[in-house]
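Input: a single structure, listed below in structure tokens.
The values are calculated or read from the model by the stated rules, or taken from the named source; none is laboratory data. These numbers come from a predicted model, not from an experiment. Neighbour counts are summed over all protein chains in view; Cβ atoms, including those assigned to glycine, are modelled from backbone coordinates with ideal geometry.
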Amino acid sequence: MLKSRSNLMIATLFVLIIVFVGYFVFVDEITAQSEEKSFLTHSGGVIVTSGEVLDPLYTSATMEFDPMDYLRDFDYGEISILSDGTTLREYTIIAEDDGVMEVAPGIFYNVWTYNGSVPGPTIRATEGDIVRINFINNGSKEHTIHFHGIHPAEMDGVFEPVGGNGGKFTYEFEAGPVGVHPYHCHIMPLEEHIVHGLYGVFIVDPKEGREPADEMVMVLNGLDMDFDGENNFYAANTIPFYYQHHPIQINTDELVRIYVVNMVEFDPINNFHLHGNLYEYYPTGTDIVPSFYTDMITLSQTERGIMEFKYQYPGNYLFHAHKVEFSEKGWVGIFQVSDSDDNKNEDVEYGN
């Protein structure tokens, strides 16, 4: 009996030793994995991530993007007139998937681009024009362009993958309906191609035109830096806090028109709040009569519209997501409103 109990105690002690040693091996492995996925940024911050990252100590930007230039840049294409009098607008869009963008000091992001930027170019046409897109895929993966709007099935950019390393496809369709529409890659896994940056804006103007205004495009986007399915930063036009540190210059009593498109993935909603003012809002921009007058809209993925407003009083006015997490992680900006047509050019520094 004593021998049996002694053997049982020895066996139990052996099991406990194995469990004890196994526990510390497991902890060491987890700790090592955590250390492998932590890095120090140039600005002194430590980022710990559960996914793949670009190490800023060994990475440099391969492309530059200026949100202020993008804000008011519209691509009307190369224009010619067809035999029946219809206007043809022709564009060339090149996809690449090996870009690196510095989205904040020491923070780098692997971007996939249309024409070397995120978002891609803002394509603009008038209702009834023929739009011809010469698409070239210089990336290593298959890509397409899917336009929201009305067009034939074979122009939808879903079932016609374009191979990488120089693959080509021509999209051609009649511009319509009137409004502001997104375009994006539609290759699966879809969210991977979108979150890396393959999207842009397509504006279709009404034949009768719109009232002259200071026009801008704001694409609301999120940046999943470690590719774990959660956004780490948010922005209007890609660079977090950019329009807070570089306020947008506008004038009192001047009509401002913003084409806003929400391209944030992973989060179910986004929103746009304007300080010190309200705006007329045209959902999707398909109607020339505004649907409501407000200071905040809520948008789901690829939801979009047109905002119009005038400021009566000069000064600095915030605009931002009213979802506080988004604004505190970069989706915030300032309109610097002046009484004069000669806007100030100095950048103003504001805290985050």
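Take the conditions assigned to a helix (DSSP H, G or I) and either surrounded by fewer than 20 Cβ atoms within 10 Å (Cβ to Cβ) or touching a helix residue (DSSP H, G or I) at 6+ places or on another chain (Cβ under 8 Å) (or both) and apply them to residue 325. Does it pass? Spelling it out, residue 325 is indeed assigned to a helix (DSSP H, G or I) and either surrounded by fewer than 20 Cβ atoms within 10 Å (Cβ to Cβ) or touching a helix residue (DSSP H, G or I) at 6+ places or on another chain (Cβ under 8 Å) (or both).
The strands (runs of 3 or more DSSP E) falling completely within region 54-139 that include 3 or more residues that are touching a residue at least 40 places away in the same chain (Cβ under 8 Å) and β-branched (Val, Ile, Thr) map to 87-104, 107-114, 130-137.
Within region 98-115, is there a residue that is at pLDDT 95 or above and among the β-branched types (Val, Ile, Thr)? Checked against the condition, which is being at pLDDT 95 or above and among the β-branched types (Val, Ile, Thr), region 98-115 yields at least one hit. Only one of the listed residues (319, 233) is farther than 22 Å from residue 197 by Cβ and of a type outside the set (Lys, Arg). That residue is 319. With respect to the stated conditions, residue 276 fails to be surrounded by 15 or more Cβ atoms within 10 Å (Cβ to Cβ), within 18 Å of the chain's Cα centre (by Cα) and at pLDDT 95 or above.
May I ask you to say which residue of 123, 136, 150, 130 is surrounded by 23 or more Cβ atoms within 10 Å (Cβ to Cβ) and hydrophobic (A, V, I, L, M, F, W, C)? Spell out the reasoning first.
Details: 136 fails: surrounded by 23 or more Cβ atoms within 10 Å (Cβ to Cβ); 150 fails: surrounded by 23 or more Cβ atoms within 10 Å (Cβ to Cβ); 130 fails: surrounded by 23 or more Cβ atoms within 10 Å (Cβ to Cβ).
123 is the lone residue from the list that is surrounded by 23 or more Cβ atoms within 10 Å (Cβ to Cβ) and hydrophobic (A, V, I, L, M, F, W, C).
If I filter region 252-273 down to residues being assigned to a loop (DSSP other than H, G, I, E, B) and β-branched (Val, Ile, Thr), which single residue comes out as nearest to the chain's Cα centre (by Cα)? Taking the candidates together, the pick is 264.
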